[in-house]
Amino acid sequence: MPSPESAEWELPRLRSSFLFQDDYRYLSPDDQAASQDLAEFFDVKFYPYNPPGVPPVFAATSKKHAVICRLNQTDKDAQPCEVIKLIRDDSEDANCASCWSRDPVTHEPLLCVAGTSSNIKIYNVKKGKLARTLVGHGGGINDIVTSPDNPLIIASASDDTTIRIWSLAAAHEKQPCVCILGGESHSYDLLSVAFHDNGRYLLSTGHDQVINLWALPEFPTEHLDIPFVIQYPHFSSSEIHNNLVDCVAFHGDLILSRACHEDTIVLWQVEGFSSADPVPGPLDAPTPTDMAKQTRSYFTPTLSAQSRPAMFTRLAQFHTPDCGVQFFMRFRIFRAPGKHPILAFANAKSKTFFWDLARFGSYSRYMAELKEAKEAGRPLVGEGGVPKPAWLVIRRSGKKTTIATTTTTAAAAAGGGGVAGDGAASLRSFVMGGGDKESMVSASPDPESVTGLGHSRETLQAWAEMYDLSNPVGQIKAHRTVQVEGGFVGRQVGWSPEGEWCVVVGNGNRALIYQRWAKEKGVATAIA
């Protein structure tokens, strides 16, 4: 077993995978020719409301099924994934998005599913039955998420260019839509939506390459006859990316986003935005008076036509090669108090990438200590030298990871931007931990300027490619890359609430199961 000190730096390893083969057996003969189009998991979400120590449960959503699975700590040669429920949608709809909630009275787990229909279907997972349908959108729904602050509040992003906020509270049963975000904020189909941890801010993005940040009002606990309508976001920009944006997320107060064709995940911040400040009201949002302006922001107001401060700052870029023309590919960042934030993403060429964001700070401190030791004439490496992080090694050759696959069938289951460091000193700050502005450290110096630090230039360059943040438009290589066989195209990543499991789903109805902090046996009892 690894020591606690080394375990905190551990990145997930491929444990197993499973295939769900029976997504099209009930199609008519005319439709079976296109059956491969149905054989794809588009979303995966872990149930977030079980107490610590309980084996985690996730839902993998394909066009016609939601496969509910439990992961157990088992012997290394055993399959850790157990299918515990199968929900089939026999309508003509094709689903692509899901999120979890709880029954407001019984607290039983609810799975919300959406797709080409303009409705959200809510299933009682214990009973395996449709419990409720939310109606209101005028087009297909491409993403739905639950508020981290309230399991009864969910948001949906639609082809009708609006975001709707829904309440599953009993008081809102007659009018579950409590807020509509629309107006002129988006001009084309939406693809991704994300809540801030505090539930008061929301991100939206899609085919129009615009990323919007909305401040949400406090919703009343009593019945609403008419939903709130918010016409304008508090921040809006089409300058972050140059193509359609299919995934966006908060990392604390920072933002992560990716776009089709760009092969990168961008970390950036809205200048002046802090969730610690009072939440602005809907009428505080800037109106698009200057339609030529690609970025507008409540948080950094433009004082005059001649004075336009940077409204966002690009901080880092994580390299995600070989995505090709694919879109609807989602990353996911694991964040929990006291644990390292881990970013994960799967590309279109069978590779899954992981980055431990805490390593950037550790690497920066190590390089600074090496430079200080050199200037003081102290040993750099070896006995009496500067202690090197154990994970800071060179991988001279990539090794392909393959695994045995377990097959599961339905029958068996029944202008506003800048870059960090512009006009500043060579060192810059970057958030290492939870994404707040209290945990900043200086980026390490360029390895070209720090030769003679006890390591070869090749070693320093290899480290810099993965851990050096001094160039905010550089491409940071993954800290771990795992390749599988079979032409896998990743669609979505899910993290268990405690971060010990990571599930990646994609084409072929395939799910990859990654694990860290493995135990010999599981001892907790699952809550269904």
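Between Glu108 and Ala170, the distance separating the two model label sites (each 7 Å from Cα on the Cα→Cβ line) works out to 1.5 nm. Counting only residues at least eight positions apart within a chain, or on another chain, the lysines with an alpha carbon under 22 Å from that of Lys174 are Lys121, Lys129. If R0 is 22 Å, the Cβ-Cβ spacing of Arg457 and Glu383 corresponds to a FRET efficiency of close to 0.40. Largest accessible area first, the residues Glu82, Glu218, Glu262 order themselves as Glu218, Glu82, Glu262 under a 1.4 Å probe with ligands, DNA and RNA left out. Computed from the C-beta positions of Asp75 and Glu184 and an R0 of 51 Å, the FRET efficiency is 0.35 to the nearest 0.05.
Considering only alpha-carbon pairs that sit under 8 angstrom and 6 or more positions apart, the relative contact order computed for region 201-341 is 25 percent. Residues whose amide H falls under 5 Å from that of Phe345, counting only those 5 or more places apart or on a different chain, are Phe353, with hydrogens built in the peptide plane. Ordering of 128-141, 496-509, 168-181 by packing is 496-509, 168-181, 128-141, highest average first (other Cβ atoms within 10 Å, averaged per residue). Full extension of the chain between Tyr49 and Glu372 yields a length gain of 111.6 nm, computed as 0.36 nm times the residue separation minus the alpha carbon distance.
Measuring nothing but how far apart in sequence close Cα pairs (under 8 Å, 6+ apart) lie, relative to its length, region 105-247 scores a relative contact order of 18 percent. Per-residue extension of 0.36 nm, minus the Cα-Cα distance of Lys339 and Trp391, leaves a gain of 17.1 nm for this segment. Counting only lysines at least 8 places from Lys351 when in the same chain, those with an alpha carbon closer than 16 Å to its own are Lys399, Lys400, Lys477. Considered as an equivalent ellipsoid built on the Cα gyration tensor, region 123-231 has semi-axes of 22, 16, 14 Å, the largest given first.
The values are calculated or read from the model by the stated rules, or taken from the named source; none is laboratory data. The shown structure was predicted, so the numbers you read here are calculated from the model rather than taken from an experiment. Ideal geometry is used to build each Cβ from the backbone, glycine not excepted, and the neighbour counts take in all protein chains shown. Note: areas computed on protein heavy atoms with side chains; ligands, DNA, RNA excluded. Shrake-Rupley method; radii C 1.70, N 1.55, O 1.52, S 1.80 Å.
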